[in-house]
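Heads up: the structure comes next, in structure tokens.
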Amino acid sequence: MARSGKVILVTGASSGIGNATACLLHSKGHRVYGSIRRDNLESAPFEIVRMDVTSDESVNACVAGIIAREGRLDAAVNCAGYGIAGSVEDTSIEEAQRQFDTNFFGVLRVCRAALPHMRQRGQGLIVNISSMGGLVSAPFHALYCSSKFAIEGVTEALRMEAAPFGVRVVLIEPGDFKTKFTENRLMTAQSQANPAYKELCARSMEAMEKAERTGLGPEFVARVIEKVVNCKNPRLRYIAASGEQRIVPLARKFLPQSLFEAIISSHFGVR
Ligand SMILES: NC(=O)c1ccc[n+]([C@@H]2O[C@H](COP(=O)([O-])OP(=O)(O)OC[C@H]3O[C@@H](n4cnc5c(N)ncnc54)[C@H](OP(=O)(O)O)[C@@H]3O)[C@@H](O)[C@H]2O)c1
């Protein structure tokens, strides 16, 4: 197929949502550059490029390389990320900083690298993968959820800053999906040693992992992202989740806080 479509960078394309998105967009005729940070993807239908989102140099070089080769970058989809788990008390500052360095600053680096080009061209699209955890926090996933709350904050403001220059900025909020995210999740070091939260943390992990392992495949999220790529005037937020999970943000909005907290606590086995 002739690749006359949009030039699109998808980060975190070695697996999961990033891989499914890069494959789908490629199959629709777009010129897709899927970024990976290490040698764990031997072949792909899309163009594989190198990027570690925790490195300014790596991000800048990757984005500049695509623009030099194609003469333009139409869209950047920020999928790269991972989760840490453990109580807030048992999370070291270094672990929290590492979580933010990938999930939040990684997204920020890509946005900052792509924006000058998109702004000067008067068009472009940035899609940031947040999470339902960026809307509603979960016990023992506080730092992961916080990194996604931070993405929500920066994206909301960036959308208004970039709109006058023709650059559209969108949040995707996935529920629980079956990807390598579950096995790639890191438990904080102290959570293994501190007996105080051990039982509660184990129950919360069990609930979270069960929801992910029995969740839909990442192609579901890829289809939502593809819709956004084709949309002239995308909304700020797109929840990508199964029917029952879509209720959670609504429940938060309309239920009394104490009741909502009781439901979430009970779901994660901590009450
Ligand atoms: N799965 C879910 O239930 C779910 C729900 C809500 C939101 N999300 C979000 O969706 C996004 C994709 O997750 P996923 O479910 O597809 O998980 P995944 O299968 O583990 O994929 C994560 C991707 O991010 C990459 N990555 C991690 N750290 C990176 C770094 N420093 N630089 C560059 N790439 C890095 C991974 O590369 P390696 O292969 O090298 O590790 C991998 O390609 C994440 O932002 C996640 O928070 C997932």
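The values are calculated or read from the model by the stated rules, or taken from the named source; none is laboratory data. Because the structure is a prediction, the values reported are computed rather than measured. Don't worry about glycine lacking a Cβ; one is built from the backbone with ideal geometry, like all the others, and counts go over all protein chains shown. Accessible surface areas use protein heavy atoms only, side chains included; no ligands, DNA or RNA. Shrake-Rupley method; radii C 1.70, N 1.55, O 1.52, S 1.80 Å.
If a residue has to be surrounded by fewer than 19 Cβ atoms within 10 Å (Cβ to Cβ) and in contact with a Ser or Thr (Cβ under 7 Å, 6 or more places away or on another chain) to count, how many in the stretch 150-181 make the cut?
2
Restricting attention to the stretch 17-35, report how many residues are over 23 Å from LEU115 (Cβ atoms) and either free of Cβ contacts under 8 Å to residues at least 24 places away in the same chain or touching a helix residue (DSSP H, G or I) at 6+ places or on another chain (Cβ under 6 Å) (or both).
Quick first cut of the stretch 17-35, residues over 23 Å from LEU115 (Cβ atoms) only: 19-20, 23-24, 26-29.
Narrowing further to those that are either free of Cβ contacts under 8 Å to residues at least 24 places away in the same chain or touching a helix residue (DSSP H, G or I) at 6+ places or on another chain (Cβ under 6 Å) (or both): 20, 24, 26-27.
Number of matching residues: 4.
When the residues of the stretch 1-14 are filtered to those that are near the ligand (Cβ under 10 Å from one of its atoms) and in contact (Cβ under 8 Å) with a residue 60 or more places away in the chain, which remaining residue is surrounded by the fewest Cβ atoms within 10 Å (Cβ to Cβ)? It would help to see each step written out before you state the result.
Initially, the stretch 1-14 is screened for residues near the ligand (Cβ under 10 Å from one of its atoms), giving 10-14.
Cutting the leftovers down to in contact (Cβ under 8 Å) with a residue 60 or more places away in the chain gives us 10-13.
Working: VAL10: 32, THR11: 30, GLY12: 27, ALA13: 30.
Ranking the candidates gives GLY12 first.
Does the stretch 207-230 hold any residues that are open to solvent by 40 Å² or more (accessible area, probe 1.4 Å) and either more than 13 Å from the ligand (Cβ to nearest atom) or modelled with pLDDT under 95 (or both), and which are they? Outline the logic, then answer.
Filtering the stretch 207-230 for residues open to solvent by 40 Å² or more (accessible area, probe 1.4 Å) gives 209-210, 213-214, 216, 219-220, 223, 227, 230.
Within the stretch 207-230, ARG223, LYS227, ASN230 meet the criteria.
Filter the stretch 15-38 down to the residues that are more than 23 Å from ALA68 (Cβ to Cβ) and within 6 Å of the ligand (Cβ to nearest atom), then identify the one that is nearest to the chain's Cα centre (by Cα). Walk me through it before giving the result.
Taking the stretch 15-38 as the starting set, the residues that turn out to be more than 23 Å from ALA68 (Cβ to Cβ) are 15-17, 19-21, 23-24, 27-28, 38.
Now restrict to residues that are within 6 Å of the ligand (Cβ to nearest atom): 15-17, 38.
Values: SER15: 13, GLY16: 11, ILE17: 8, ARG38: 19 Å.
By that ranking, first place goes to ILE17.
Which pairs have Cβ atoms under 9 Å, sit 6 or more apart or on different chains, and link a residue in the stretch 134-157 that is farther than 19 Å from PHE260 by Cα to one that is charged (D, E, K, R) and in a helix (DSSP H, G or I)?
Short answer, once both residue conditions are applied: LEU143/GLU95.
So which residues in the stretch 204-217 are in a helix (DSSP H, G or I) and either over 14 Å from MET187 (Cβ atoms) or in contact with a Leu (Cβ under 9 Å, 6 or more places away or on another chain) (or both), if there are any at all? Reasoning before the result, please.
Going residue by residue through the stretch 204-217, those that are in a helix (DSSP H, G or I) are 204-213.
Matches in the stretch 204-217: ALA207, LYS210, ALA211, GLU212, ARG213.
Out of (1) more than 19 Å from the chain's Cα centre (by Cα); (2) near the ligand (Cβ under 9 Å from one of its atoms); (3) within 30 Å of GLN192 (Cβ to Cβ), the odd one out for LEU41 is which?
Status for LEU41: all satisfied but (3).
Would you pick out the residues in the stretch 53-97 that are outside any loop (DSSP other than H, G, I, E, B), open to solvent by 20 Å² or more (accessible area, probe 1.4 Å) and within 12 Å of the ligand (Cβ to nearest atom)?
Correct list: SER58 only.
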